[in-house]
2 protein chains.
Amino acid sequence: MVTAAILITGNEVLSGRTQDKNVQYIAKRLMEMGIGLKEVRIVRDDYGAIIGAVNELRSSYTYVFTTGGIGPTHDDITAEAMSRAFGVKLVENQEASLILKDYYQEKFNENRARMAMMPEGATLIYNSISKAPGFRMENVFCMAGIPSIMQDMFESLSHTLEKDAPFIEGCVTCNLLEGKFSNKLQGIQAQNPKVEIGSYPRYEPFVGASLVVKGTDKTCVDTAIEEIRKMIKDLQGEIIDLP
Amino acid sequence: MVTAAILITGNEVLSGRTQDKNVQYIAKRLMEMGIGLKEVRIVRDDYGAIIGAVNELRSSYTYVFTTGGIGPTHDDITAEAMSRAFGVKLVENQEASLILKDYYQEKFNENRARMAMMPEGATLIYNSISKAPGFRMENVFCMAGIPSIMQDMFESLSHTLEKDAPFIEGCVTCNLLEGKFSNKLQGIQAQNPKVEIGSYPRYEPFVGASLVVKGTDKTCVDTAIEEIRKMIKDLQGEIIDLP
């Protein structure tokens, strides 16, 4: 099974200043590719925190995607943290230098040159918006933190990923409280071990629950969805069509 | 220094179905209380994943806040995971039982009774919305995943937290690209070691950067902000007042 983790380096997320939007984008795209996102970590812009997390994650999962910390300022430390994590030198990436010089022309300076410093052996991840490239080291992909640029980078690297059978999700929403059906739902989960059933209570704009079935086999997902619909009707619940 | 981590148990976040909103709320509140949020982890609704993460986090930080997994369905496994993590029995919490029986009256059933099963020694975290309580085990606070209920629980427990000097943040936004000022900003950071300066590029609706200064001493924050404003003017940049 192909698996993944996301590592967000983000003081601005940990201070509550910024609402992260990268996890949801990457998560949805990985679902479509059949890559199982198993874990997300948000850590401080701190060498120890980043190195510790990336070394744990890259040995546990097929892929690690990092976001943030690849710009030209003093708090952009992802490239150096990765070179320390991988035990390689931080060197000028010639291709990145050429891209940045071509883009900034006479505005190219020592600050911008910093964005071409990458771990030795890194390959570039391109983006069409800011031009400043991300990079890949083995199974770790380091991308920008700004959502539009991160998405551009993700799409430019996605063809290189090993894919698996895409996950299929079905969802039934009803007006029943979880406490009304949880024993029966547990029975349906036990009878359908090839799918994963999640139950998510709702309070607004109505009280009820959404039951989500996830799997890689469409027939198995459809069967579990049918059993859930029958359970809801048997309990005199109503199925609610969400827009 | 008082520190914290957040642990989100959430298949629905890892599949991209749900956009997490709990991190930002807790992060902002901790800032106000002077509690340093150091790390966030989002893991699967899986015993091994939850137990491993909570045991690492609770030994590393003053407090751990978990969200999700305390309802009545088969995928709500936080209470049992915590009892295994702490090496104690999962038992009926008498006070939780009374609250749930009183709330559900004749609709109290074995499904709802499951929500009163907690690690031995847990104390309750109340909420006024769904009544189903969260719980505290030592330095770990287990709360609901639904934002409105989580917030209610957080406010009901916040008075029990050890607080520190509140963090103060200042922010200056300008129309300069980071590559124009990053060396000078690094100098300001070096001259002002009592504050932490973050730089966040902007692409919409204008190109520029926001410079954020964080610290516990207002004079130190103000001094760094003044130096940043001067740096921007010296570089012929414009300071932009955000609404």
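The values are calculated or read from the model by the stated rules, or taken from the named source; none is laboratory data. Only a predicted model underlies this, so the values are computations on that prediction, with no experimental measurement involved. Here the Cβ positions follow ideal geometry from the backbone for every residue, glycine too, while neighbour counts run over all protein chains shown. Surface accessibility is based on the protein's heavy atoms, side chains included, excluding ligands, DNA and RNA. Shrake-Rupley method; radii C 1.70, N 1.55, O 1.52, S 1.80 Å.
If we hang a label 7 Å off Cα along the beta carbon direction at A:Lys230, how far is it from the matching labels on the other copies, in nm, shortest first?
Reported distances to equivalent positions: 7.7 nm.
Per-residue Cβ counts within 10 Å, from other chains only, averaged over A:196-209: what number is that? Spell out each step's value before the answer.
Values: counts 5, 4, 11, 7, 11, 10, 1, 6, 3, 0, 0, 1, 0, 2.
Counting Cβ atoms of other protein chains within 10 Å of each residue's Cβ and averaging gives 4.
Please tell me which of these pairs span more than 18 angstrom C-alpha to C-alpha: A:Lys21/B:Lys21; A:Lys180/B:Lys101; A:Lys214/B:Lys21; B:Lys180/B:Lys218; B:Lys184/B:Lys230? Can you show the working numbers first?
On the way: A:Lys21/B:Lys21 10 Å; A:Lys180/B:Lys101 14 Å; A:Lys214/B:Lys21 23 Å; B:Lys180/B:Lys218 28 Å; B:Lys184/B:Lys230 11 Å.
In this structure, A:Lys214/B:Lys21; B:Lys180/B:Lys218 exceed 18 Å between Cα atoms.
How much net charge surrounds A:Lys89 when only other residues with a Cβ under 14 Å from its Cβ are counted (Lys, Arg +1; Asp, Glu -1)? Could the numbers behind the result be given before it?
On the way: positive: A:Arg84; negative: A:Glu80, A:Glu92, A:Glu120.
The answer is -2.
Just the Cα atoms of chain A, one point each, no solvent: what log10 I(q)/I(0) does Debye give at q = 0.09, 0.17, 0.18 Å⁻¹?
So the normalised log intensities are -0.50, -1.15, -1.24.
A:Ile129 label point, 7 Å along Cα→Cβ, cut-off 18 Å on backbone N: hits in the range A:70-89?
What the label zone holds, given the 18 Å backbone N cut-off, is A:70-73.
Report the accessible surface area buried between chains A and B, summing both sides, using a 1.4 Å probe on protein heavy atoms only, in Å² rounded to the nearest 100.
On the way: alone 12970 and 12990 Å², together 20930 Å².
Adding both sides of the contact gives about 5000 Å².
Could you work out the equivalent-ellipsoid semi-axes for the range B:185-243, taking the square root of 5 times each eigenvalue of the Cα gyration tensor, largest first, in whole Å?
Details: eigenvalues 84, 32, 22 Å².
Semi-axes, largest first: 21, 13, 11 Å.
Modelled label-to-label distance, A:Glu110 and A:Asp241, 7 Å Cα→beta-carbon offset: nm?
It works out to 6.6 nm between the two label points.
Quick one: putting +1 on the C-beta of Lys and Arg, -1 on the C-beta of Asp and Glu, what dipole do you get for the range B:36-106 around its Cα centre, in Debye to the nearest 20?
On the way: 7 positive and 11 negative charges, 77 e Å.
Once rounded to the nearest 20, the dipole reads 380 debye.
With a 1.4 Å probe and all protein chains kept in place, how do B:Cys142, B:Cys220, B:Cys171 rank by accessible area, largest first?
Numbers: B:Cys142 0, B:Cys220 35, B:Cys171 60 Å².
The ordering from most to least exposed comes out as B:Cys171, B:Cys220, B:Cys142.
Take A:Phe206 and A:Lys218, extend 7 Å from each Cα along the Cα→Cβ direction, and tell me the distance between the two endpoints in nm.
2.8 nm
Is the C-alpha gyration tensor of the range A:1-74 telling us rounded, prolate or oblate? Criteria: a/c under 1.5 is rounded; beyond that, a/b larger than b/c is prolate, otherwise oblate. Intermediate values should be presented prior to the final figure.
Values: a/c = 2.30, a/b = 1.43, b/c = 1.61.
It comes out oblate by the Cα gyration axes.
For chain A, what is the calculated [θ] at 222 nm in deg cm²/dmol (nearest 500), taking -39500 (n - 2.57) for each run of four or more DSSP H residues and dividing by its residue count? Walk me through the intermediate numbers first.
Details: 9 runs with 96 residues, N = 243.
That comes out to -12000 deg cm²/dmol.
Describe numerically, in nm with one decimal, the distance between label points set 7 Å from Cα along Cα→Cβ at B:His159 and at B:Gln191.
4.6 nm
Could you list the chymotrypsin sites (Phe, Trp or Tyr not before Pro) in the range B:173-243 that lie in coil according to DSSP, counting only those with at most 12 other Cβ atoms within 10 Å of their Cβ?
On the way: sites: B:Phe181, B:Tyr203, B:Phe206; in loops: B:Tyr203, B:Phe206.
Answer in residue order: B:Phe206.
Write down the Å³ per residue value for the convex hull defined by the alpha carbon atoms of the range B:52-94.
On the way: hull volume 4.2 nm³, N = 43.
For the range B:52-94, the hull spanned by Cα atoms encloses 97 Å³ per residue.
Give the chain A residue with the shortest beta-carbon distance to the rotation axis relating chain A to chain B, plus that distance as a whole number of Å.
Of all Cβ atoms in A, the one closest to the rotation axis yields A:Arg41, 3.
What's the magnitude of the charge dipole for chain B around its Cα centre, counting Lys and Arg as +1 and Asp and Glu as -1 at the beta-carbon? Answer in Debye, nearest 20. Can you show the working numbers first?
Values: 26 positive and 32 negative charges, 52 e Å.
It comes to approximately 240 debye.
Explain nothing, just the number: dipole magnitude of the protein assembly as shown about its Cα centre with +1 on each Lys and Arg Cβ and -1 on each Asp and Glu Cβ, in debye rounded to the nearest 20. Let's see the in-between values first.
Numbers: 52 positive and 64 negative charges, 2 e Å.
Roughly 20 debye, rounded to the nearest 20.
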